[in-house]
Amino acid sequence: MKRMLSGIKPTGELHLGSYIGALKQFVKYQDDYEMFAFIANLHCITVPQEPEVLQKNLHDCVALYLACGLDPKKATIFLQTDVPAHATLGYIMCCHTYMGELNRMTQFKDKQAKGEKNLSGGLYTYPALMAADILLYDPSYVPVGEDQKQHVELTRDIAQRMNNRYGDLFTVPEPLVGKVGARIMSLTDPTKKMSKSDGINKGCIYLLDDLKAARKKVMGAVTDNLAHVHYDPENQPGISNLMQIYSSLNNDRPFDEIEKEFEGKGYGDFKCAVADSVCELLESIQTKYNEICNSDIIEKTLQQGAEKANVIANEKVKKVQKAIGMEIVK
Ligand code: TYM
C-alpha cells in the first residue's frame, strides 16, 4: 500500500477551506493509502501565539480530524512535537536548502511585502521543516491545497539533491492537489484565499461556527450582478467560489449540472442551497466533535499515532545522519 502524508497548522480554527482543500481529501484517501496525518505545532509557533489559544486550537484540530472522519484504526494521527525527529531532520534540511530557494517561497515573501514587522527566522525556514515532515515518512503523495504546492515542490528538489549527494535516502513525493476546491476563496473578497489568519470575519466559515452564523455568512457572500449561476472564476469569482463549495459538499457534482439546476433561478435560491449543504456538514461535524471531546479518544489516538510515527521517523533520521557522516560509530 502506498503511503500518503499531510498536516495542518492550526494557528487558528479550522475552516471550510482547510476542510475542502485538505481534510476531506485525507478522509477520502485513508482507505486506499497508508495515511499519516499530523498536527503541525512546530509550524504554529513561526508566528506569535497566545499559549491558551494555541493549546485549544491544537486540541480542536485533533478532535476535528476525528470528527471529519479520519479513523485512527486506518490513519496514523500524531502531534508533530511528539516525534522529535521532525525538529532534527528539519535542521538538517535547513542546511541543505539554499537561501535563494527560501526567498522565493510566497508565504514569507507576502508577509514581508505587507510590511509586517519582526518576522521570525522560523517563518523564513519553515519550508525546510515542512520538507522534513514529509521526507521522514517516504510518502508517495502529499494531499494539499493549492497554496502548499510550492512547498511540496521544494521538498522534491531537496530530496533529489540529497539523494544525488548521499545515495538513495528519500522517496521523492508528489503533491496531490484536488481539481475542485484546492483554493476556496473568502466569501467577502473572492480574490483572496479563505484563511484562518483573518480572525473573526464574515468571509471565513469555521467548522465550529454556530449554524446560524454560518448561514448568514453564505447568504451575505459577495457575488456579481450578472444574475446567472455560471462557472467563470475570472468574471464571476464569487459565484464560482460558491459553486466549488457546493460541488465539493455534494459528491463533487459537475459544474454544468449545477448550472442546469439553477438555470433561471436567482442567486438567493443558489445561496440557500449552498447554505443548506454547509450547515448539514457543520452540524454533522459538530455532533461528532462534541462526542469526541467528552471521551478519551484524543489522548489514545495521539499516543498510538506517536508510537508508530516515532519508529519510522527515528529510523530515517539515523539513516540520514549516517549517510551524511554525522554519526561516530558505524
Ligand atoms: P495550513 O494549515 O495553512 O493549511 C492546511 C491545509 O489546508 C489547505 N488550505 C486550503 N485549501 C483550499 N482552500 C483554502 N482556502 C485553504 N486554506 C488552507 C492547505 O493548502 C493545506 O493543505 N505548511 C502547511 C502545514 C504542513 C504540512 C506539512 C502539509 C506542515 N508540514 C507537511 C503537508 C505536509 C500549512 O501551513 O497548511
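The values are calculated or read from the model by the stated rules, or taken from the named source; none is laboratory data. Small disclaimer: the values here were computed from a predicted structure and weren't measured. Heads up, the Cβs are rebuilt from the backbone with ideal geometry, glycines too, and the neighbour counts pull from every protein chain shown.
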Exercise for the section: Please work out which one of (1) more than 14 Å from the ligand (Cβ to nearest atom); (2) touching a helix residue (DSSP H, G or I) at 6+ places or on another chain (Cβ under 7 Å) is the condition residue 37 fails and give its number. Expected result: (1)
Exercise for the section: Inspect all residues belonging to the range 49-60 and state whether any of them is among the β-branched types (Val, Ile, Thr), over 23 Å from residue 317 (Cα atoms) and surrounded by fewer than 16 Cβ atoms within 10 Å (Cβ to Cβ). Expected result: yes
Problem - the range 125-153 - residue that is in a helix (DSSP H, G or I) and surrounded by fewer than 20 Cβ atoms within 10 Å (Cβ to Cβ) and, of those, nearest to the ligand (Cβ to nearest atom) - result: 147
Practice task
Give 218, 229 a once-over and let me know the one that is at pLDDT 95 or above, buried (at least 21 other Cβ atoms within 10 Å of the Cβ), away from the ligand (no atom under 14 Å from the Cβ) and over 30 Å from residue 58 (Cα atoms).
Solution key: 229
Practice task
Considering (1) small (Gly, Ala, Ser); (2) touching a residue at least 40 places away in the same chain (Cβ under 8 Å); (3) more than 15 Å from the ligand (Cβ to nearest atom); (4) part of a helix (DSSP H, G or I), say which one residue 100 fails and leave the rest.
Solution key: (2)
Exercise for the section: Kindly check whether there is at least one residue in the range 107-124 that is modelled with pLDDT of 95 or more, part of a helix (DSSP H, G or I) and closer than 29 Å to residue 34 by Cβ. Expected result: no
Exercise for the section: Sort out which residues of the range 194-227 are within 13 Å of residue 241 (Cβ to Cβ) and touching a Ser or Thr at 6+ places or on another chain (Cβ under 7 Å), and write them in order of number. Expected result: 194, 203, 204, 222
Completion exercise
Restricted to the range 174-191 and to residues being assigned to a loop (DSSP other than H, G, I, E, B) and within 9 Å of the ligand (Cβ to nearest atom), the residue farthest from residue 245 (Cα to Cα) is 177
Exercise for the section: Quick one: residue 162 ticks every box in (1) in a loop (DSSP other than H, G, I, E, B); (2) buried (at least 20 other Cβ atoms within 10 Å of the Cβ); (3) not aromatic (Phe, Trp, Tyr) except a single one, so which number is it? Expected result: (1)
Practice task
Could you list, in sequence order, all residues of the range 238-276 that are surrounded by fewer than 17 Cβ atoms within 10 Å (Cβ to Cβ) and in a helix (DSSP H, G or I)?
Solution key: 256, 257, 259, 260, 261, 268, 269, 272, 276
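Quick check on this structure: which one of 22, 63 is in contact with a strand residue (DSSP E or B) (Cβ under 9 Å, 6 or more places away or on another chain), aliphatic (A, V, I, L, M), in contact (Cβ under 8 Å) with a residue 12 or more places away in the chain and buried (at least 21 other Cβ atoms within 10 Å of the Cβ)?
Every option except 22 fails the conditions.
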Practice task
Could you please give the count of residues in the range 287-302 that are surrounded by fewer than 15 Cβ atoms within 10 Å (Cβ to Cβ) and part of a helix (DSSP H, G or I)?
Solution key: 6
Handout entry: Meets criteria (within 10 Å of the ligand (Cβ to nearest atom), of a type in the set (Val, Ile, Thr) and in contact (Cβ under 8 Å) with a residue 60 or more places away in the chain) for residue 11
Key = yes
Exercise for the section: Would you mention how many residues in the range 188-215 are surrounded by fewer than 16 Cβ atoms within 10 Å (Cβ to Cβ), in contact (Cβ under 8 Å) with a residue 24 or more places away in the chain and aliphatic (A, V, I, L, M)? Expected result: 1
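For every residue, the table says whether it meets (1) closer than 19 Å to residue 19 by Cα; (2) without any contact (Cβ under 8 Å) to a residue 12 or more places away in the chain; (3) among the polar types (S, T, N, Q).
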{"site": "229", "(1), (2), (3)": "no, no, no"}
{"site": "232", "(1), (2), (3)": "no, yes, no"}
{"site": "241", "(1), (2), (3)": "yes, no, yes"}
{"site": "275", "(1), (2), (3)": "yes, no, no"}
{"site": "283", "(1), (2), (3)": "yes, no, no"}
{"site": "286", "(1), (2), (3)": "yes, no, yes"}
{"site": "292", "(1), (2), (3)": "yes, no, no"}
{"site": "317", "(1), (2), (3)": "no, no, no"}
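Could you grab me the full set of residues in the range 303-330 that are farther than 17 Å from residue 79 by Cα, hydrophobic (A, V, I, L, M, F, W, C) and assigned to a helix (DSSP H, G or I)? Break it down stepwise before answering.
Here is the first cut: in the range 303-330, the ones farther than 17 Å from residue 79 by Cα are 315-330.
After this cut, where a residue has to be hydrophobic (A, V, I, L, M, F, W, C) as well, the list is 317, 320, 323-324, 326, 328-329.
Scanning the range 303-330 gives 317, 320, 323, 324.
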Handout entry: Any hit, the range 16-31, residues being of a type in the set (A, V, I, L, M, F, W, C), more than 25 Å from residue 140 (Cα to Cα) and in contact with a Ser or Thr (Cβ under 7 Å, 6 or more places away or on another chain)
Key = no
